[in-house]
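I have placed the structure first, in the form of C-alpha cells, so that the comments after it can refer back to it.
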Amino acid sequence: MANERVRFIHATQLDLDEPLVGSGPLTGEDRRLAEDATLISLSRLVDACVDRAVDFFLLTGNAFTGGELSLRAKSAIEAALGRLDDNNIPSFILPGHTDPPSAWSGIRTPDSVTIFDANDDEPTDLVSDGRTLATIIPLVGAHGEEAHWDFLDHALQTARGLKIGLIAEGAPLRWDSTGPLTLDRSPSSSGALAIVQQAIAAEVDYIGFGGNGARRTIRSGSTLIHAPGPSQSRFRRGIGPHGCTVVESKSDGSLVHELVKTAPVRWEALPVEVRPGVSFDELVQRMAMQLVDREVGQESMWLVQWIVRGSGELFDLLGESKTQRELWEFLDEEVRTEGVRRHHLLTREPPVEDGELETTNLFLEYTGAISDQLQPGAPEWKERGKVFESVQAPWASSLNRVVYRMDPEHVGYESRRLARLWWT
C-alpha cells in the first residue's frame, strides 16, 4: 500500500424507515424516536463523514427495502448522498440483498455517487488532485455475482493507493476467525470464495463486507476484513452501541479503525441472579451496577431486557407487574443518565424443582443438549446448514442462508422456554 494517508467511513445495513422489532409498547416521544431511529442514524452518519473530513464513503448494502421503499426512506438517502456531495465526499455503493441495483434506479443521486454491480462493473480509481487515493473493487454481490476474473486480475495488478474490495450484504459466504468460507455447495458460493481468496492473496488492504447483522473484524495476512454491523439495530439480539466505522491509513501503511456511534436507540440484554434471601435493595444495587458498567454512546433511549434467574420470595414477586414497576422506578432513580430514557422488560427463568424426577431429568437432559449444541462457535452449530448443501435447487440455497443466519442464542432461549412448558 502506498503511504498516502486516506480516511473513509464504511457503513452497511441502514434499513431506512424499517421498524424496531420487539420494542414493546411505546408512546409519545419514545414511539416517534423508535419510528425515526434508522433515519436519525443515517443523518448522524453523514455528520460523521463531514466532521471527520473523510475522503469518501462506502456502503455495502441493505440501505433500504427495495420492494417496499417508503417515501421517507427515499428522501433520506437522497438527502444524505446530496449532502455528502455538497461537502465533496464521493460515495461508493455495492447494493445488498434488500436493495438490489434495480431498486437504486429510482433514487436520484449526484454524479459523485458510484453504484456498483459486481457482475458488470470494473474497479474504480478515486483520484484527488491528480493522485490516486484508492482503487475500489466490487468483489461479490448479494446473490453471488462475482467480479470478472479479468477485471479483478487487472485491478489487483495495476491498483494504486489503498486497495479496497467490497462484498455486499447477503453474499453467499460465511466467516470464522481465519477468513471467508463457503455458505453452501452452490457454484455461486464457491465462486465468491475464490474471488475473495484471490483478493486476500493479492494483499488487498481492506475488504468491507456486510456481516449478516453483526460487527466483525478479521485479519488475514496483511488484509483487514471488516463489517461495521447495522447502523441502528432493529432487533433485541443486536445489543450494545451501533453505528458505522471510520478507517484511516497511517503514514507507515497500517490501517486503524474505530466505531462511530450513530444509533439513537440501544438494546441491552442483562442477566441477574436472585437467590433466596436476596433483598429488594440488594437487587436494585446489582442491576444498577450492570447499567453503570456500560458506556453511554449517542443513544437517547435504551431498551433493556433483564433475564432473571433464581428462586425464592423476591423471585416470585418479580412476576407481578406492581413489583416490576417499583423496581424500574428505584433503578432509574439509582442510575440517572442525562438525556437517556430507559424501558425495561423482565423475563424470569426459574429453576426446575417441581414435577416427577423422570420428567425433571428429561428436561435437564434436553436443555443440556441444547446448551451444548446451540453455541455460535460449536461445530454442530457452524455445520448446521450442510444438510442442504448437496441440493442444487434455488430454494435449498435460500434455506441454507436462512439457517446460517439464525441467532443461536435466540434459538436456544426459545427451545428452553418451550421445553419448560412441555416438561414442568
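No lab work stands behind these numbers, since they all come straight from the coordinates. All of these numbers come straight from a predicted model, not from anything done at the bench. Here Cβ is always computed from backbone atoms with ideal geometry, including for glycine, and neighbour counts include all displayed protein chains.
Give me Leu45, Leu33 ranked fewest to most by other Cβ atoms within 10 Å of their Cβ, as a rough exposure proxy.
Lowest to highest Cβ neighbour count: Leu33, Leu45.
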Point to revise | Highest to lowest packing among 16-23, 93-100, scored as the average C-beta count within 10 Å | key: 93-100, 16-23
Revision key, fill the gap. Here D for region 7-261, in µm²/s, from Stokes-Einstein with a Kirkwood Rh over Cα pairs at 10 °C and 1.306 mPa s, works out to 87 µm²/s
Review point. Which FRET efficiency, nearest 0.05, do Glu78 and Arg294 yield, Cβ-Cβ r, R0 41 Å?
Key: 0.70
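Order the peptides 81-91, 187-197, 223-233 from the highest to the lowest mean number of other Cβ atoms within 10 Å of their residues. List each step's numbers first, then the result.
Values: 81-91: 17.5, 187-197: 20.1, 223-233: 25.5.
Packing order, densest peptide first, comes out as 223-233, 187-197, 81-91.
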Review point. Which three extents, in whole angstrom, do the alpha-carbon atoms of region 265-349 cover along their principal axes, largest first?
Key: 38, 22, 20
Review point. By counting other Cβ atoms within 10 Å of each Cβ, how are Arg215, Arg7, Arg32, Arg234 ranked from fewest to most?
Key: Arg32, Arg7, Arg215, Arg234
Point to revise | Cβ-based net charge around Val6, under 14 Å, with every Lys or Arg adding one and every Asp or Glu removing one | key: 0
Check your understanding: If region 194-328 were replaced by its equivalent ellipsoid, with semi-axes equal to the square roots of 5 times the Cα gyration tensor eigenvalues, what would those be, largest first, whole Å?
Key -> 42, 15, 13
Revision key, fill the gap. Most exposed to least, judged by fewest other Cβ atoms within 10 Å, Phe92, Phe315 sort to Phe315, Phe92
